[in-house]
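Visitor: Encoded as structure tokens, here's the structure I'll be asking about.
The values are calculated or read from the model by the stated rules, or taken from the named source; none is laboratory data. Given the structure is predicted, the values throughout are model-derived calculations rather than measurements. Glycine gets a Cβ as well: all are built from the backbone with ideal geometry, and neighbour counts include every protein chain shown.
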Amino acid sequence: MSGTVDTPLLPLPDRVVELLSELGSPPRLAAHLRAVHDVAHQLVDWVEQRCPALSLDREAVLFGAATHDMGKTVHVSELSGPGAAHEEAGRTLLLAHGVAPELARFAATHASWARPDVGLEDLLVSLADKVWKNKRVPELEDLVVARLAGASGRAVWEEFMALDEVLARIGDGADERLAFQASFPVHG
């Protein structure tokens with residue numbers, strides 16, 4: 001996948017590229033998933049370095065970030081406008097293509113991060129889906145901070161400051177990611 005904007009973004013996993021091809025993904029969707037996947041890599045690397053004892057399913061976060069909007073292959077209008085129909089549609093599509101339920105769930109949970117049963121992996125996918133474009137959501141960030149503080153034993157304020165710093169750094173690259181995504185057409 002290449003666009004008119006040069007980018008250092010990490011490539012999507014091969015399985016995700018295959019799924020996008022099978023589903024006839026709009027080029028802009030693939031670009032968006034690549035940007036969110038790249039940000040998820042940065043977040044997971046940071047969390048693993050900051051809280052090495054924390055039990056985190058790295059591969060689930062990365063796969064979830066790379067597939068969270070897969071339902072937009074069906075609900076293409078939601079690529080450029082609001083809507084939530086893609087969430088359950090994405091989970092259903094992924095399940096129909098042999099993706100395990102524990103990985104397909106991210107398509108349905110990435111916008112439902114406030115539910116009490118959402119795990120840290122889900123929160124990180126949701127966070128990556130926001131901060132890739134430098135959108136900050138304090139309520140979401142507070143949930144991540146609480147999980148990190150609980151796992152690390154550090155004070156909430158200390159985890160907040162550390163997360164704020166990494167999100168600001170990631171957010172600094174938003175213009176390049178947005179330009180990359182915009183260099184791809186919505187329709188294939």
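Visitor: Please go through segment 124-154 and give me each residue that is without any contact (Cβ under 8 Å) to a residue 24 or more places away in the chain, outside any helix (DSSP H, G or I) and touching a helix residue (DSSP H, G or I) at 6+ places or on another chain (Cβ under 7 Å), ordered by number.
Guide: Hit for segment 124-154 is VAL137, nothing else.
Visitor: Still on this structure, please answer the following. Quick one: which of VAL61, VAL44, VAL99 is at pLDDT 95 or above and more than 15 Å from the chain's Cα centre (by Cα)?
Guide: Values: VAL61 fails: more than 15 Å from the chain's Cα centre (by Cα); VAL44 fails: more than 15 Å from the chain's Cα centre (by Cα).
Among VAL61, VAL44, VAL99, only VAL99 is at pLDDT 95 or above and more than 15 Å from the chain's Cα centre (by Cα).
Visitor: Here is a further query. Report every pair of residues separated by at least 6 positions or lying on different chains whose Cβ atoms are under 7 Å apart, first residue within segment 107-118 and closer than 16 Å to LEU95 by Cα, second surrounded by fewer than 17 Cβ atoms within 10 Å (Cβ to Cβ).
Guide: ALA108/GLU88
Visitor: Further question: How many of the residues in segment 23-41 are of a type outside the set (D, E, K, R) and within 10 Å of the chain's Cα centre (by Cα)?
Guide: 8
Visitor: Moving to a separate point now. What residue, among those in segment 152-174 that are within 12 Å of ARG50 (Cα to Cα) and small (Gly, Ala, Ser), is farthest from the chain's Cα centre (by Cα)?
Guide: Ranking the qualifying residues of segment 152-174, first place goes to GLY153.
Visitor: Of the residues GLU87, GLU78, only one is acidic (Asp, Glu), surrounded by fewer than 22 Cβ atoms within 10 Å (Cβ to Cβ), modelled with pLDDT under 95 and within 22 Å of PRO27 (Cα to Cα); which?
Guide: GLU78
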